[in-house]
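Readers should treat all values here as calculations from the given coordinates under stated rules, not as data from a laboratory. Everything numeric here is computed off the predicted structure, so don't read it as measured data. Cβ placement follows ideal geometry from the backbone for every residue including glycine, while neighbour counts extend to all protein chains displayed.
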There are 2 protein chains.
Amino acid sequence: MPFFNFKIVKKDSNSLARAGIFITPHGAIETPAFLPVATNAALKGLNINKHKSLPIRVFIANTYHLWQRPGDGVIKKIGGLHKFMNWDGPIFTDSGGFQAFSLGCGREQGVGKIGSVFTDENVNCVEKNNVKRENLVKINEKGIKFRSFIDGSWQELTPEKSIKIQENLGADVIFAFDECTSPTHDYKYTKDSLDRTHGWAERCLKAKARNDQALFGIVQGGVWKDLRMKSARFISRLPFDGFGIGGSLGKSKKDMYNILDWVVPLLPENKQRHLLGIGGVEDIFEGISRGVDTFDCASPTKEARHGTLWTKGGKINIRKAIYKNDKKPIEKKCGCFTCLNGFSRAYLRHLLNAGEILGYELAILHNLYFVLNLMKEIRESIINNNFDKLKSSFLKNFKICFAATRSQQCRRVGSWRDD
Amino acid sequence: MPFFNFKIVKKDSNSLARAGIFITPHGAIETPAFLPVATNAALKGLNINKHKSLPIRVFIANTYHLWQRPGDGVIKKIGGLHKFMNWDGPIFTDSGGFQAFSLGCGREQGVGKIGSVFTDENVNCVEKNNVKRENLVKINEKGIKFRSFIDGSWQELTPEKSIKIQENLGADVIFAFDECTSPTHDYKYTKDSLDRTHGWAERCLKAKARNDQALFGIVQGGVWKDLRMKSARFISRLPFDGFGIGGSLGKSKKDMYNILDWVVPLLPENKQRHLLGIGGVEDIFEGISRGVDTFDCASPTKEARHGTLWTKGGKINIRKAIYKNDKKPIEKKCGCFTCLNGFSRAYLRHLLNAGEILGYELAILHNLYFVLNLMKEIRESIINNNFDKLKSSFLKNFKICFAATRSQQCRRVGSWRDD
């Protein structure tokens with residue numbers, strides 16, 4: 001891995017948390033780090049080069065979407081993602097395997113990768129209301145066939161093709177092609193899928209031709225301890241440059257934490273660990289304390305567009321009538337562009353209710369600053385040996401708020417789905 | 001007008017063009033000037049305070065829309081439009097009278113204020129296809145009743161109420177409440193409407209209570225020379241601080257230029273003249289040469305959102321397939337953020353096709369820079385006594401382009417409708 005280097009700067013004494021630094025051909029990433037999601041090679045509403053005040057150092061773009069539009073060939077011709085997006089920093093791309101779930105079982109059954117969205121009650125509800133949507137995915141040993149969102153045709157991704165596309169896109173870190181299973185899959189299906197994903201991992205390593213990209217393997221195995229441990233052992237023995245933890249993460253946050261407890265200790269200490277598609281505030285703290293280095297999640301940007309703003313006291317829905325005449329910034333002492341420049345809650349509310357693009361931009365600037373700044377605070381706390389203290393005080397504020405109002409507005413910060 | 005002052009800096013020797021400076025409580029506006037449209041108190045996609053490179057000095061916001069949402073009372077409570085929008089420069093608001101047309105006859109008959117959109121052929125076409133939409137306006141001597149776009153209820157604007165709302169909004173320059181007539185109205189209707197508008201102008205002057213806002217009167221009268229001249233004489237004799245030229249401007253650009261030729265010479269030389277809702281490149285040159293000082297138009301932002309980008313060679317539709325692999329910036333030697341920072345046509349095309357907000361923002365940044373920079377060049381040319389030369393060379397490029405291709409892509413730059 002001539003262009004890459006991952007070094008642990010400091011280990012926490014009370015948990016598996018660690019502060020590190022990950023060198024890439026396009027600069028260093030201090031970990032723990034949060035990767036905003038740039039599905040279509042653009043951060044929703046943000047011109048990242050313009051927002052010097054926003055501490056974005058790295059983000060993740062979406063192989064499936066860029067393959068479909070504008071096509072990886074177009075991006076290759078322009079000179080790769082960095083040139084296409086006019087961004088000099090590090091970039092990750094996922095492999096497209098998540099869409100096996102999000103456009104397949106997840107879409108069909110209306111469930112998320114983990115958590116409260118998927119409960120027996122919800123599933124029943126989906127079935128009762130008959131709102132099932134078409135499964136746009138077919139999976140076999142060779143690869144995954146997707147029904148294109150551009151023209152409805154069936155198109156195939158294989159491990160080899162995913163790597164080829166990711167090499168054309170040219171991100172710094174790319175992921176092995178996997179099948180992201182669903183919480184609705186049973187043990188038998190998940191076990192067979194895991195064998196398939198392991199075979200695909202080997203094919204990805206074999207297919208890789210560029211040496212200036214790091215290739216991360218992905219641990220799957222659903223909610224089953226034996227499968228997760230088998231996968232962690234199998235994938236970590238392969239010559240990957242880092243590791244992702246993906247797939248169905250159970251029915252609750254507790255399931256997800258169990259999975260991390262099984263998997264992370266089996267991964268090599270000197271390589272980076274990425275938790276795919278997860279990035280709620282509680283998830284971040286609990287993931288880091290279990291040894292996760294990086295996260296990606298669409299929630300901060302997606303929720304911002306819907307008016308849900310993240311604050312240290314919990315989430316607020318800025319579109320509510322109580323903010324109609326509210327002159328205050330979203331959050332006191334917040335260092336984001338929106339708060340620092342005196343944009344009021346009343347203005348934000350108006351813009352979002354009027355569907356003004358500026359509203360999305362100001363809201364996204366706040367939410368992304370919130371989560372990126374949180375990562376910075378967490379990293380500093382690990383270095384200063386007070387991660388535990390930060391974790392308990394930070395999460396306590398959400399709990400107090402939750403207990404005090406029991407309303408959606410102040411519910412504990414968590415993120416359950418990604419794009 | 002203690003807070004305001006309009007000075008002519010230089011007069012062109014070959015036309016009525018003039019370079020001026022208009023002092024307002026929130027700073028000076030160098031004229032000729034173009035006012036971007038911030039309908040909902042936001043420039044589509046742009047955080048104007050962040051774009052120091054974009055020479056926006058003033059814009060116009062929409063009384064009707066802000067009255068409806070979030071309500072002028074809300075904006076007053078926050079401290080007025082400047083505080084609400086976090087903008088320290090000058091602001092204009094229109095009076096709501098344009099919506100008498102745009103939500104009334106214009107909506108019902110699918111016609112614009114002027115020009116090619118409205119031809120007998122088009123009108124027939126609309127009628128034939130039976131795509132008439134509901135007229136959401138009722139007009140009588142007292143004022144105009146609008147069907148609210150928020151809840152469908154009928155709500156009334158009167159001259160007094162329009163002034164009250166505009167005082168609550170707190171722009172630097174406000175307009176008298178008028179009835180913007182349609183090209184479909186006949187002489188008799190337009191004449192009666194004009195008498196009404198003149199009565200309303202007097203009522204507006206009477207209703208005005210704040211002395212830190214300039215009130216501009218509006219000349220109406222459709223395409224009839226006697227009515228336009230009558231209106232120019234009547235309105236210019238009233239103690240307005242400046243003048244707008246509004247309403248139906250005929251069936252072609254030639255009609256509009258005729259109207260300007262009749263009206264402008266009757267307006268006092270030492271007061272500012274604003275051409276309402278017009279801002280195509282040719283319109284700007286022809287308007288300025290006929291003595292117009294300021295323009296407002298939604299076209300640069302609106303067309304940008306649809307992928308129509310303004311260049312010195314004409315308009316291009318960046319969503320076309322020919323730009324798929326195009327590494328070039330929108331326009332060589334353009335000083336806008338988008339072009340200067342190396343964003344390619346291929347990236348712009350991709351973003352707009354994917355519906356990414358960033359695409360709208362980058363496109364709007366270009367179009368607005370284009371028109372604002374054009375105003376700057378025009379002003380300099382008047383001061384340097386070569387306005388005529390700039391006008392003919394600038395418009396010639398569009399003509400050549402038009403003649404060469406006869407395609408939509410290179411059609412002459414003009415703007416025919418506003419929001």
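Here are the numbers for this structure:
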item: GNM result for chain B, Cα springs below 10 Å: residue of B:371, B:74, B:223 fluctuating most strongly; result: B:74
item: Using a 7 Å Cα-to-Cβ projection, residue B:341 label spacings across copies, nm, ascending; result: 1.2
item: Quotient of C-alpha Rg and 2.2 N^0.38 Å, computed over the range B:310-367; result: 0.99
item: Sites residue B:10 and residue A:397 - FRET efficiency at Förster radius 60 Å, r taken between beta-carbons, to 0.05; result: 0.45
item: Local net charge near residue B:264, Cβ-Cβ under 9 Å (Lys/Arg +1, Asp/Glu -1); result: +1
item: Contact order normalised by residue count of the range B:303-410, Cα under 8 Å, 6+ apart, percent; result: 32 percent
item: Two-site FRET efficiency, residue B:384 against residue B:21, from Cβ-Cβ distance with R₀ of 25 Å, rounded to 0.05; result: 0.95
item: For the range B:303-410: Kirkwood Rh in Å [reciprocal of mean 1/r, alpha carbons]; result: 14.5 Å
item: Three-way shape label, the protein assembly as shown, alpha-carbon gyration tensor, a/c 1.5; result: prolate
item: Relative contact order, percent, the range B:5-297 [alpha-carbon distance under 8 Å, six or more residues apart]; result: 19 percent
item: Distance violations [Cα-Cα > 28 Å] among A:7/A:77; B:145/B:376; A:164/B:327; result: A:7/A:77; B:145/B:376
item: Whichever lysines have a C-alpha closer than 20 Å to that of residue B:188, once near sequence neighbours (fewer than 8 apart) are set aside; result: B:113, B:138, B:142, B:225, B:230, B:251
item: Ratio Rg/Rh [Cα only; Rh per Kirkwood] for chain B; result: 0.95
item: Label-point separation in nm, residue B:341 to residue A:192, each point 7 Å along Cα→Cβ; result: 5.0 nm
item: Inter-copy spacing of residue A:384 label points, which lie 7 Å from Cα along Cα→Cβ, given in nm from shortest upward; result: 5.7
item: Antiparallel bridges, percent of DSSP beta bridges restricted to chain A (to nearest 5); result: 50 percent
item: Within a Gaussian network of chain A (alpha carbon springs, distance under 10 Å), most fluctuating of A:151, A:186, A:226; result: A:151
item: Highest-fluctuation residue, A:248, A:344, A:95 considered, GNM on chain A with Cα pairs under 10 Å; result: A:344
item: Label geometry 7 Å along the beta-carbon vector: residue A:229 inter-copy distances in nm; result: 9.9
item: Average beta-carbon neighbours from other chains, 10 Å sphere, peptide B:344-351; result: 5
item: Closest approach to the B/A rotation axis among chain B Cβ atoms, residue and whole-Å value; result: B:357, 3
item: Estimated FRET transfer efficiency when R0 is 51 angstrom, pair residue B:332-residue A:254 (beta carbons, to 0.05); result: 0.30
